[in-house]
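Below you'll find the structure, written out as structure tokens, and then a few comments.
The values are calculated or read from the model by the stated rules, or taken from the named source; none is laboratory data. It should be emphasised that the depicted structure is a prediction, and the values quoted were computed from it without experimental measurement. Here the Cβ positions follow ideal geometry from the backbone for every residue, glycine too, while neighbour counts run over all protein chains shown. Accessible surface is based on the protein model in full, side chains and every heavy atom, while ligands, DNA and RNA are left aside. Shrake-Rupley method; radii C 1.70, N 1.55, O 1.52, S 1.80 Å.
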Amino acid sequence: MTAPQPALAAVAVTAFQCASAAGNDVESLTQALLVNRSLLKPLSLFELPFATVVGEIRKPLSAPRAELSAYDCRNARLALLALSQMDFRDALLTTRNRYGADRIGVLLGTSTSGILETEAGYFEWSRTGAMPAGFDFLHTHTAQATAEFLQRELELQGPCYAISTACSSSAKALAAGQRLIGADVCDAVLIAGVDSLCRLTLRGFNSLQLIDAKPCRPMDVERQGINIGEAAALLLLERVSEHNFACPRLLAVGESSDAHHMSAPHPEGYGAAQAMRMALHLAGREPAQVDHINLHATASQLNDAAEAKAILQVFDHPPPCSGVKGLLGHTLGAAGAVETVVSLLALQHGFIPGTCGLRVVDPSLALPVSAEPMVDQAPRLILSNAFGFGGNNASVLLEAAL
């Protein structure tokens, strides 16, 4: 039987970085994944009228330089924290010198953007009747604001825009970046997944009765709901060439939109299954070749059950599965990029992450879900899922360095 052929050219992931509740960089994240103990803590950023824990970045965040002060908000500061890790910034500047600023795009996936600052603005308006002096909705709150900030900070001139499809946002940004390179619009694309904590998302998920007061338990028989986190993940995609031939590769991103319900997934997981099948089809790979599935696994009753059903539609014998939201929280629009970084670290260091918070796998899910990291594994092909409200689904397929 002839092996399927790729329908899409792979791209190299030549650099990646992540700031999260685990710390400011991928070294901290790797250590947290191997230790596999919850980093979720009570919220310190503002007060809430209900109990929960979050994946909060608690260290002080630097403001943008004076020329870019209009973009100053927590979202931009999180992006700057990830960008401040010099190995990543140096790699990006080298890439800019190689291709030229006009051949490098910037794509952002976000759901919150600068909502926290807008909330503060409306608090001031309710108290005084006027928004705060200097409040700049266009450069902080709008979805593309942090993308523009990164483009200007790095003096890039290629395409620049944001994708906001809830929890699949930055996974879909990876798909769009691969297409920009494949269409010869860009030689490289900076992908950013950035979301920051704000009242709107926490109160909104609580109104849907989806928030767990305690650290969440993905795929567990007694799971009660989700915890929210914040993070900034950056990935540099380049067309495959001689200088990056040995880098890990983004093979494909499968996408679907089942539009079953505004917030609930299709109960049978049809859209999620379609996204996984599409990723494999575009990459010319078979389900049996996948060594690990990084689950979306939010720890909500419906989401985890629908994802399990979707996987069983695609995989006759699913590989080891796990999810990291019990460690970092659900970083919403950043989750696709954050968990792509998690998957790249698993490929790089030769392990399969655990599912922090999992005690007893829900037997009705019928999946091989690991609670603890599997350090004796060396995965070569990882599928990472990111499923959003409205049935906006994406599955990212990654291959280890050659």
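Which one of these does ALA76 not meet: (1) buried (at least 24 other Cβ atoms within 10 Å of the Cβ); (2) more than 14 Å from SER196 (Cα to Cα); (3) among the small types (Gly, Ala, Ser)?
It fails just one condition, (2).
Give me a count of the residues in the stretch 206-221 that are open to solvent by 10 Å² or more (accessible area, probe 1.4 Å), touching a helix residue (DSSP H, G or I) at 6+ places or on another chain (Cβ under 8 Å) and assigned to a loop (DSSP other than H, G, I, E, B). Show your work before the answer.
Our first condition is that a residue be open to solvent by 10 Å² or more (accessible area, probe 1.4 Å); within the stretch 206-221, this holds for 206-215, 217, 221.
After this cut, where a residue has to be touching a helix residue (DSSP H, G or I) at 6+ places or on another chain (Cβ under 8 Å) as well, the list is 211, 215, 217, 221.
Keeping just the survivors that are assigned to a loop (DSSP other than H, G, I, E, B) gives 215, 217, 221.
Residues flagged as open to solvent by 10 Å² or more (accessible area, probe 1.4 Å), touching a helix residue (DSSP H, G or I) at 6+ places or on another chain (Cβ under 8 Å) and assigned to a loop (DSSP other than H, G, I, E, B) within the stretch 206-221 amount to 3.
Select from the stretch 109-159 the residues that are more than 17 Å from ASN75 (Cα to Cα), among the aliphatic types (A, V, I, L, M) and touching a residue at least 40 places away in the same chain (Cβ under 8 Å) and list them in ascending order.
Passing the criteria: only LEU156.
Quick one: in the stretch 90-127, which of the residues that are among the basic types (Lys, Arg) and modelled with pLDDT of 95 or more is most open to solvent (accessible area, probe 1.4 Å)?
To start, the set of residues in the stretch 90-127 that are among the basic types (Lys, Arg) comprises 96, 98, 103, 127.
Restricting the remaining residues to those that are modelled with pLDDT of 95 or more gives 96, 98, 103.
Working: ARG96: 55, ARG98: 110, ARG103: 55 Å².
Filtering the stretch 90-127 for residues that are among the basic types (Lys, Arg) and modelled with pLDDT of 95 or more, the one most open to solvent (accessible area, probe 1.4 Å) comes out as ARG98.
Condition check: in contact (Cβ under 8 Å) with a residue 24 or more places away in the chain and assigned to a loop (DSSP other than H, G, I, E, B). Does LEU302 satisfy that? Break it down stepwise before answering.
On the way: in contact (Cβ under 8 Å) with a residue 24 or more places away in the chain: yes; assigned to a loop (DSSP other than H, G, I, E, B): no.
Criteria not met by LEU302.
Every residue, every condition in (1) open to solvent by 10 Å² or more (accessible area, probe 1.4 Å); (2) without any contact (Cβ under 8 Å) to a residue 40 or more places away in the chain; (3) of a type outside the set (A, V, I, L, M), yes or no:
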site: GLY204; (1), (2), (3): yes, yes, yes
site: ALA233; (1), (2), (3): no, no, no
site: LEU236; (1), (2), (3): no, no, no
site: ALA252; (1), (2), (3): no, no, no
site: PRO265; (1), (2), (3): yes, no, yes
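Look through the stretch 169-196, keep the residues that are open to solvent by 10 Å² or more (accessible area, probe 1.4 Å) and not in a helix (DSSP H, G or I), and return whichever of them is nearest to ASN97 (Cα to Cα). Talk me through it step by step, then tell me what you get.
We begin by selecting, within the stretch 169-196, every residue open to solvent by 10 Å² or more (accessible area, probe 1.4 Å); these are 172, 179-180, 182-185, 187.
Right, trim to not in a helix (DSSP H, G or I) and you get 183-185, 187.
On the way: ALA183: 21, ASP184: 18, VAL185: 17, ASP187: 12 Å.
Only one residue fits best here, namely ASP187.
Those residues that are in contact with an Asp or Glu (Cβ under 8 Å, 6 or more places away or on another chain), assigned to a loop (DSSP other than H, G, I, E, B) and open to solvent by 30 Å² or more (accessible area, probe 1.4 Å), I need them from the stretch 17-64; list them, please.
LEU43, SER44, LEU45, ALA63
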